[in-house]
1. Of the residues Arg396, Arg410, which is farther than 30 Å from His265 by Cα, modelled with pLDDT of 95 or more, touching an Asp or Glu at 6+ places or on another chain (Cβ under 7 Å) and among the basic types (Lys, Arg)?
2. Return the only residue of Phe442, Phe480, Phe499 being within 29 Å of Pro146 (Cβ to Cβ) and not β-branched (Val, Ile, Thr).
3. Got at least one residue in segment 354-362 being touching a residue at least 60 places away in the same chain (Cβ under 8 Å) and either more than 24 Å from the chain's Cα centre (by Cα) or assigned to a loop (DSSP other than H, G, I, E, B) (or both)?
4. Have a look at Arg453, Arg485, Arg407 and point out the one that is surrounded by fewer than 22 Cβ atoms within 10 Å (Cβ to Cβ), assigned to a strand (DSSP E or B) and not acidic (Asp, Glu).
5. With the structure loaded, tell me whether Asp377 is modelled with pLDDT of 95 or more, in contact with a Gly (Cβ under 9 Å, 6 or more places away or on another chain) and surrounded by fewer than 20 Cβ atoms within 10 Å (Cβ to Cβ) or whether it fails that test.
6. If you check Gln347, Gln322, which single one turns out to be within 26 Å of the chain's Cα centre (by Cα), part of a helix (DSSP H, G or I), among the polar types (S, T, N, Q) and surrounded by 20 or more Cβ atoms within 10 Å (Cβ to Cβ)?
7. Any idea which residue in segment 422-476 is farthest from Leu405 (Cα to Cα), counting only those that are among the hydroxyl-bearing types (Ser, Thr, Tyr) and in contact with a Pro (Cβ under 9 Å, 6 or more places away or on another chain)?
8. Given (1) surrounded by 19 or more Cβ atoms within 10 Å (Cβ to Cβ); (2) touching a Ser or Thr at 6+ places or on another chain (Cβ under 7 Å), identify the lone condition not met by Leu170.
Amino acid sequence: MKTQAGTHGPGETSSQNASGAIGRRALLKGAASLAVALGTVELAGRQASLPRRMALEASTLPDIQFDIGAFLAPVQILNDGGGNVAAQFPPVHTVFVTARLIRTPTIADVLDLRDALATIESAYPFGASGIITLISYGIPYFSRLPGGMTGPLVSSYMPRLASDTSRYALEEAVPGPTDVSPANPGITKQTFNVPVKIENNDLLLTFRSDNSAIISDVLCWLGGTDSLNGQRVRSPRLFKDLATVTSSRAQFVAVSLPRRLAEAHRFPYATEINPDSPMWMGFLDQHAGGSGVPASCTFAGNESAHLTTAQPGDYFDNGAIQHLSHVIEDLAQFYAKPAEPYTERVQYMFRSDPIPSTGNADQFTDGGGPAYLDNVDFGTGDAARNAQGINTFQGRRRMGHLPALQRSSRAADSHPIHMRMDGPGLDDIDVPDGSKQPKLQFTIFVQTAEFFRVMRINQASLDLAHQFGVADHDNGLERFLTATRRQNFLIPPRRHRAFPLAELA
């Protein structure tokens, strides 16, 4: 690994294994599906090394559930030959658990869930060295409340679009323009031609920690072991008689971890994954300047943007929309020799004007060039210039992933107004032949579902590709990604995180 300027490198202490907790999977009573993600957490835990974290104590936890920056490692400067890049690494392990409710929650259920979340945070410190727990709710949950989505309860409290007050900030996800779907009859994928499914879960629970054993322990406790952090603690009713788990998905983020896992699974392109990268596609994706501040992503907004009718003090003011999707990455195609040298891959991810780096003489071994390249904003017109081939590398008409997103991902003052929380995965979910394949477990926090819908359209930028004749193989990352699941959730403020609005029903 190349030099990293700053206080500490991102991999200086050994990760704790989850084998002890994993062995208790058989004890899961009402949530057998929780065990699906535990195998990946265990595998990544054996391979991962931990960032050096700050020791922090929190007397008051943030009302914005996803405002966790103060509980992570500090921003550090990385440089592997591509220039100094500021990055902040999240917890190594994340598990997403989706669930459907069996019945409408009661006041007793509200209190039970509230106590369960507080119990987790008393058993383990809130932060990357302990555990961070987030919870959000889909449209099916709100539809269960008296009157449903259009009834007086939900309509009185649900934030609406500032641009169209007849629409809620929470709307269901839709297929993206390059998703395989009946809505896109001309779209196919080379390898993983899997139609996207719009899910209908009531709940999304997110668990994050550097220590895979802690996540496993918490999942087992929720599943009914009545044991938490070595103590006898009654498990909550959540997965006993209230909810059924529909999926569990594991994500891991650590420098060199994708390369190590690729080698362990003998993937044919393993030696082409940059060992400096925490992502499957060989580049850094944890840029400190690539995401907005938490307040800018909430319904109440901030000075950069305010896209809803919510005001400070409203029930959902510090809430947001959380989009969750599950994406198969076609890395065999992405790293194909000789078709995809570093100069191609870096343009797919970043841009062609200017190309961030032309890489090494050997364009394939260890990625073929730097992993740490900055996320620079050249304005909303950058994508169009690249699509027209203006001053691009080799004069080609191309679309880069980041310029396409930046058509609408930033406010007028250039600050991002979204927070991404995505990372690599490795499992067999939705893979046609049942093999384990590299995944992108993608989640993002935004002010409105409409904002994300537009940003996803711009990510594909099919309008610019058609207008300026950009070939499909030059259109960013689109052909390498197959989204198989999507859903939008509302993540409420911490003070209302236990079955929001149920106490008012």
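1. Arg410 is the lone residue from the list that is farther than 30 Å from His265 by Cα, modelled with pLDDT of 95 or more, touching an Asp or Glu at 6+ places or on another chain (Cβ under 7 Å) and among the basic types (Lys, Arg).
2. None of the others qualify; the one that does is Phe499.
3. Looking for residues that are touching a residue at least 60 places away in the same chain (Cβ under 8 Å) and either more than 24 Å from the chain's Cα centre (by Cα) or assigned to a loop (DSSP other than H, G, I, E, B) (or both), one finds at least one in segment 354-362, hence yes.
4. From the options Arg453, Arg485, Arg407, the qualifying one is Arg485.
5. no
6. From the options Gln347, Gln322, the qualifying one is Gln347.
7. Checked segment 422-476; the qualifying residue farthest from Leu405 (Cα to Cα) is Thr448.
8. Result: Leu170 fails condition (2) only.
The values are calculated or read from the model by the stated rules, or taken from the named source; none is laboratory data. As the structure is a prediction and not an experimental result, all values here were calculated from the model. Note: ideal-geometry Cβ built from the backbone for every residue, glycine included; neighbour counts use all protein chains shown.
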